[in-house]
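So the structure is just underneath, and the comments pick up after that.
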Amino acid sequence: MEKLIITAAICGAEVTKKHNPNVPYTVEEIAREAESAYNAGASIIHLHVRYDDGTPTQDKERFRECIEAIKARCPDVIIQPSTGGAVGMTSEERLQPIYLQPEMASLDCGTLNFGGDEIFVNTENMIIEFALKMNELSIKPELEVFDKGMIDTAIRLHKKGYIKAPMHFNFVMGVNGGISGEMRDFLFLKESIPEGSTFTATGIGRYEFPVATMAILTGGHVRVGFEDNVYISKGVLAKSNGELVEKVVRIARELGKEIATPDEARKILGLGV
Ligand code: KMH
Ligand code: ZN
């Protein structure tokens, strides 16, 4: 049976120290959180970065610093910078970290409401532009889908030659404005991706561990982390990203699933081929 890839989304762009004081902002804090997740069993770090005051940025040099600090502590971990950044950023801003030549990067496959008056914009032309740049740089996109129609978009862009197979999806479930994290919706997404694809599933807030469990049971992979949820259990703040990853590892072991190392994750995802 294929091993489980755990991605840790350690920082995000929206969550703050007011939500959980352990959310990392500085380079040192980001490296600390990456290490805690890696030591617990994460093989991929989905990376957003911040300035020291917590402001999200896609600045290439800030990414470089953070990636170097993470690699100093976790030399073999897979770094997956975000190209989603924060709501309101331009495409140019968002794309900066791909020029550091990471192995993977996120590629958001559609526009959605993001709570209140916020709209996370990903037009079709933007998706094509991001996909083509990632192809040029041999970066494997993780296709972020917040709704079923975004899977259809990815498949259509694959048929037009913009997105390469095998595709790797991330079902982000439970964002206000996107699909919920209920089992019916999870199965709908899972059954909608092409054969030969891989998927990770991410549950936002209270959906984090139920969605993780559904993914483990159905041969998928899992993402957890402060970007998505700051609680280890109802009303109890997580001490670290590592604590969230440890909980997934415990669930996986109970269900008879082994955890992939970064090199095993590279093989499963076809990185570097
Ligand atoms: N921060 C969100 C607006 C991604 O990383 O690609 C977008 C996001 C998705 O987090
Ligand atoms: Zn993200």
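Identify all residues within the stretch 81-108 that are in contact (Cβ under 8 Å) with a residue 60 or more places away in the chain and either more than 9 Å from ligand 1 (Cβ to nearest atom) or of a type in the set (Phe, Trp, Tyr) (or both); write none if there are none.
103, 104
Which ones in the stretch 52-106 are in a strand (DSSP E or B) and of a type outside the set (Val, Ile, Thr)?
Listed by number, the residues that qualify are 56, 80, 81, 104, 105, 106.
What residue, of 226, 171, 188, is surrounded by fewer than 23 Cβ atoms within 10 Å (Cβ to Cβ), of a type in the set (Phe, Trp, Tyr) and modelled with pLDDT of 95 or more? Walk me through it before giving the result.
Numbers: 226 fails: surrounded by fewer than 23 Cβ atoms within 10 Å (Cβ to Cβ); 171 fails: surrounded by fewer than 23 Cβ atoms within 10 Å (Cβ to Cβ).
Being surrounded by fewer than 23 Cβ atoms within 10 Å (Cβ to Cβ), of a type in the set (Phe, Trp, Tyr) and modelled with pLDDT of 95 or more holds for just one of 226, 171, 188, which is 188.
Take the residues of the stretch 208-227 that are of a type in the set (A, V, I, L, M, F, W, C) and within 17 Å of residue 41 (Cα to Cα): which is farthest from ligand 2 (Cβ to nearest atom)?
Looking at the filtered set, the residue picked out is 216.
Hey, could you check the stretch 1-24 for residues that are closer than 14 Å to residue 55 by Cβ and within 13 Å of ligand 2 (Cβ to nearest atom) and say which is surrounded by the fewest Cβ atoms within 10 Å (Cβ to Cβ)?
Step by step, filter the stretch 1-24, then rank; the result is 14.
Can you find a residue that is at pLDDT 95 or above, more than 11 Å from ligand 1 (Cβ to nearest atom) and part of a helix (DSSP H, G or I) anywhere in the stretch 9-17?
No; the residues of the stretch 9-17 include none that is at pLDDT 95 or above, more than 11 Å from ligand 1 (Cβ to nearest atom) and part of a helix (DSSP H, G or I).
Please determine, by comparing only the residues of the stretch 259-273 that are under 20 Å from the mean Cα position of the chain (by Cα) and assigned to a loop (DSSP other than H, G, I, E, B), which one is modelled with the lowest pLDDT.
Applying the filter and picking the extreme gives 272.
Please go through (1) more than 16 Å from ligand 2 (Cβ to nearest atom); (2) farther than 26 Å from residue 252 by Cα; (3) buried (at least 22 other Cβ atoms within 10 Å of the Cβ); (4) among the β-branched types (Val, Ile, Thr) for residue 27 and return the number of the only condition it doesn't satisfy.
(3)
Could you please give the count of residues in the stretch 210-240 that are part of a strand (DSSP E or B) and aliphatic (A, V, I, L, M)?
The total comes to 5.
Does residue 133 count as charged (D, E, K, R) and part of a helix (DSSP H, G or I)?
Yes, satisfied.
Examine the stretch 189-204 for a residue that is more than 16 Å from ligand 2 (Cβ to nearest atom), more than 20 Å from residue 6 (Cβ to Cβ), over 14 Å from the mean Cα position of the chain (by Cα) and polar (S, T, N, Q), and state whether such a residue exists.
yes
Please determine whether any residue of the stretch 29-50 is more than 20 Å from residue 263 (Cα to Cα), away from ligand 1 (no atom under 13 Å from the Cβ) and among the acidic types (Asp, Glu).
Scanning the stretch 29-50 turns up at least one residue that is more than 20 Å from residue 263 (Cα to Cα), away from ligand 1 (no atom under 13 Å from the Cβ) and among the acidic types (Asp, Glu).
Residue 244 - would you say it is under 28 Å from residue 164 (Cβ atoms), more than 16 Å from ligand 1 (Cβ to nearest atom) and crowded, with 22+ Cβ neighbours inside 10 Å?
Taking the combined requirement at face value, the residue does not satisfy it.
The values are calculated or read from the model by the stated rules, or taken from the named source; none is laboratory data. What you see is a predicted model, and the numbers here were worked out from it, not measured in a lab. Quick reminder, even Gly has a Cβ in these numbers, built from the backbone with ideal geometry, and neighbours come from all protein chains shown.
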